[in-house]
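Engineer: Below you'll find the structure I mean.
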Amino acid sequence: MKRKILALTGFATVLLLSGCANVKPWERSTLADYTMRGDRDPLTISLSEHMWFSREAASGGRGVGGGGCGCN
Amino acid sequence: MNMSLVKKSLFTGVLALSVLATSAFAGGKPIKVGDTFPDLTTFGLEGKLPAELKGKVVLLDFWASWCGPCKESFPVMEELHKKYADKGLVILAVNVDETAAAMKDFLKEHPATFAIVHDATKKLVGTANISSMPSSFVLGTDGKVVAVHKGFHGKDTVKEYETEIEKLLSAVVAKQ
């Protein structure tokens, strides 16, 4: 039983790690698309900010990276 | 603890690490200053390569239509081409867009008279393994890399280009 668990854990680890991939600079065309931008809709952002501030007295903290060209 | 269990655990660990290492370090060694740039005819590039690259100073630039700084670099390369083509500079812009159509759309808006080819298979860019878009290489007359530029930083990059190109071209003139 212990072996099976160990083998399964190992298998799952390999499977998960093989999912890691580096996006090369020349492969970022989809990430560079306008629709990938987190700040593409100002109205949605202002409404969300208002909601978070009203409910949780929280504001800011939107500087999260992710999409974009990644150029230069 | 059972020995075979230890062995299995070790094997799994090594396998996991190797998979991680493969995914993290995929691609060749980046081309650096002093390296001889690979023969461009072996990469199946779409488009017409300049007839003669041997004995020429070459500015080879990797670009894409979706890349903002590439748009800024195009007028600069056009100026450099007009200024130095007669003196022996060849500019070759290698496009790495997914489709040739995207490249053509870009070129309609940013026309250029220097040589442009499409690296559809991404073999050349993969071999160069550039770390930033755009990236450019200044090659001497012997085909060796004299300078590598990561990104395009406006006037700073232009100044560097001009200094390097003029230095190489004056060396050509001195030899003649």
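No lab work stands behind these numbers, since they all come straight from the coordinates. Here the structure is a predicted model, which means the values were calculated and not measured. Glycine also receives a Cβ, built like all others from the backbone with ideal geometry; neighbour counts cover every protein chain displayed.
Engineer: For chain A, with a Gaussian network of springs between Cα atoms less than 10 Å apart, report the residue from A:17, A:43, A:31 with the top mean-square fluctuation.
Structural biologist: A:17
Engineer: Pick out, from B:50, B:111, B:121, the residue whose Cα sits farthest towards the positive end of the charge dipole of the protein assembly as shown, with +1 on the Cβ of Lys and Arg and -1 on the Cβ of Asp and Glu.
Structural biologist: So the residue we want is B:121.
Engineer: What do you get for the angle between helix A:2-18 and the principal long axis of chain A? Use alpha-carbon atoms, 0 to 90 degrees, nearest ten.
Structural biologist: 40
Engineer: In degrees from 0 to 90, rounded to the nearest 10, what is the angle of the helix B:100-109 Cα long axis to the longest principal axis of chain B?
Structural biologist: 40
Engineer: Determine which lysines satisfy two conditions relative to residue B:122: a Cα distance under 27 Å, and not lying fewer than 8 residues away in the same chain.
Structural biologist: A:24, B:29, B:32, B:48, B:54, B:56, B:71, B:104, B:108, B:144, B:150
Engineer: Which semi-axes, in whole Å and largest first, does the equivalent ellipsoid of the stretch B:28-175 have when worked out from the alpha carbon gyration tensor as the square roots of 5 times its eigenvalues?
Structural biologist: Ellipsoid semi-axes (Å, largest first): 22, 17, 15.
Engineer: OK, next. Just the isolated ones, please: cysteines in chain A lacking another cysteine beta carbon under 4.7 angstrom.
Structural biologist: Isolated Cys, chain A: A:20.
Engineer: At each listed q (0.24 Å⁻¹), what is the log10 of I(q)/I(0) that the Debye formula gives for the stretch B:68-133 modelled as equal alpha-carbon point scatterers?
Structural biologist: For the requested q values the scattering log ratios are -1.17.
Engineer: Return one number: the angle in degrees, 0 to 90 and rounded to the nearest 10, between the long axis of the Cα atoms of helix B:3-24 and the longest principal axis of the Cα atoms of chain B.
Structural biologist: That works out to roughly 10 degrees.
Engineer: May I pose another question? When only C-alpha pairs under 8 Å and at least 6 residues apart count, what is the relative contact order of chain B, in percent?
Structural biologist: Dividing the mean separation by the residue count of chain B yields 31 percent.
Engineer: Find the all-direction average of the projected area of the Cα convex hull for the protein assembly as shown, expressing the result in square nanometres with one decimal place.
Structural biologist: Mean projected area of the Cα convex hull: 21.3 nm².
Engineer: What does DSSP give for the protein assembly as shown in terms of the percent of beta bridges that are antiparallel, rounded to the nearest 5?
Structural biologist: Counting DSSP beta bridges with both partners in the protein assembly as shown, the antiparallel share is about 50 percent.
Engineer: Please report how far the C-alpha centroid of the stretch B:107-176 lies from that of the stretch B:38-63, rounded to the nearest whole angstrom.
Structural biologist: The distance from the Cα centre of the stretch B:107-176 to that of the stretch B:38-63 comes to 11 Å.
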